[in-house]
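Okay, structure first, notes after.
What follows is calculated from the coordinates using simple rules that are stated; it is not laboratory data. Everything numeric here is computed off the predicted structure, so don't read it as measured data. So basically every Cβ, Gly included, is an ideal-geometry build from the backbone, and we count neighbours across all protein chains shown.
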Amino acid sequence: MRPLLTVEDLSVRFRTEGGTVQAVTGLGFELRRGRTLAVVGESGSGKSATGLALLGLHNRLRTEVTGRVEFDGVDLAALDERGVSAYRGSRIAMVFQDALTALSPYHTVERQLTDGYRRRTGASRPQARARAVEMLARVGIPDPARRVQEYPHEFSGGMRQRVMIAMALMGEPDLVIADEPTTALDVTVQAQILDLLADLQAESQLAILLITHDLGVVSGVAHDVMVMYAGRCVEYGPAAQVLAAPEHPYTAGLLRSVPTLHGPADSELVPIPGSPPNLLDPPSGCAFHPRCDARSRVGDLCTTAVPSLLPGSGGRSRACHLALERSTAS
Ligand code: SF4
Ligand code: MG
């Protein structure tokens, strides 16, 4: 079966007052129906820019997007704004981090769930309301027929996030792009929302692109994981393999810095030293080199050459010169 989404050589450049920012470079990945791909990295790693570019939501005047984004056989990157908007909100939906800013405070939940739906489908108001109530019930909101008439501020954070997911489901999407969908929530509610997404996926074979800075939420929900640093993929593969035995020093650092469900409960958390690079002036060679504890094992190559993404063990690929040293040494 062909993947629902195939991304090849995706690059995103922003023009800013300070110069051109290379936000994403040469990204490629696949996503099949019923699967979840987690895109993980610190802020500024290019993961949100990737999500926006997939949906054509980037600022077209200031942003240049190149590459191929094939969704169910159609290259979205080649479509104009009108062409992409036919997919947005229907076959591809987006769930954002902060429901309070993504939802309008001035309109009822009913209005926000039904406006786009009615425009796209020509449904009558009662039909659209019935569907909104059904979707609220599906995402676990009690008393949906009453609550559909309320305003976003009348919902708790977790319930608001459920409303956002209900809004995404209105158009029966094949693909949901969820950008930090649980970051603003406490741990218990985070788990509930991630479980909800998994249940919805099991019911309807949804493909989910889960964008997160938190490698801790990936285990148990993602089938595959793509780790990004400074706009590039540094490690990509089955989540179980990558989380159990990371082969890129950045992935290993991320794992040591967050509590995960798999790690020993009492293991000490060690933050990665330094901070993410300035993409207006990225480090030479491997962009991670100023922060990398493995660099001394490689030498000059780390500061002079960008490592390519090469196959590693367990179906993964990773971009690190250390891997090259290992394979030539053995
Ligand atoms: Fe570290 Fe060098 Fe590998 Fe980059 S290429 S992650 S600096 S060892
Ligand atoms: Mg972001």
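Values for this structure:
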read-out: Ellipticity estimate at 222 nm from DSSP helix runs (n ≥ 4, -39,500 (n - 2.57)) divided over the chain, nearest 500; value: -9000 deg cm²/dmol
read-out: Backbone HN-Hα couplings from phi across the stretch 139-153 [Karplus 6.51/-1.76/1.60, Hz, Gly and Pro as x]; value: 8, x, 8, x, 6, x, 5, 7, 5, 5, 8, 8, 9, x, 5
read-out: Under-5 Å amide H pairs with Met228, H placed in peptide plane, nonlocal only; value: Val40, Gly41, Val234
read-out: Compactness of the chain as Cα Rg over 2.2 N^0.38 Å, two decimals; value: 1.04
read-out: In sequence order, calculated HN-Hα J values of the stretch 213-219 (Karplus, 6.51, -1.76, 1.60; Hz; x Gly/Pro); value: 8, 10, 4, x, 7, 6, 5
read-out: Binned Cα-Cα distance frequencies in the stretch 130-212 - 10 Å width, integer %; value: 18, 53, 28, 1
read-out: Degrees between helix 157-169 axis and first principal axis of the chain (Cα, 0 to 90, nearest 10); value: 80 degrees
read-out: Alpha-carbon gyration tensor eigenvalues x 5, square-rooted, for the stretch 1-70, Å; value: 24, 13, 10
read-out: ³J(HN,Hα) computed for each position of the stretch 94-100 - Karplus, 6.51 cos²θ - 1.76 cosθ + 1.60, integer Hz, glycine/proline x; value: 10, 10, 9, 4, 10, 4, 5
read-out: Gained length - Asp293 relative to Thr20, 0.36 nm times residue gap less alpha-carbon distance; value: 95.3 nm
read-out: Ordering of 77-87, 151-161, 311-321 by burial proxy (mean other Cβ atoms within 10 Å per residue, highest first); value: 311-321, 151-161, 77-87
read-out: Burial order of peptide ranges 32-42, 232-242, 124-134 (average beta-carbon count within 10 Å, highest first); value: 232-242, 32-42, 124-134
read-out: Kirkwood hydrodynamic radius over Cα pairs of the stretch 32-131, then Stokes diffusion coefficient at 10 °C and 1.306 mPa s, in µm²/s; value: 100 µm²/s
read-out: Arg119-Asp143 pseudo-label distance in nm [points 7 Å out on the Cα-to-Cβ vector]; value: 3.2 nm
read-out: Asn59 versus Asp80: modelled label distance in nm, points set 7 Å from Cα along the beta carbon direction; value: 2.2 nm
read-out: Cα-based Rg of the stretch 143-260 normalised by 2.2 N^0.38 Å, two decimals; value: 1.19
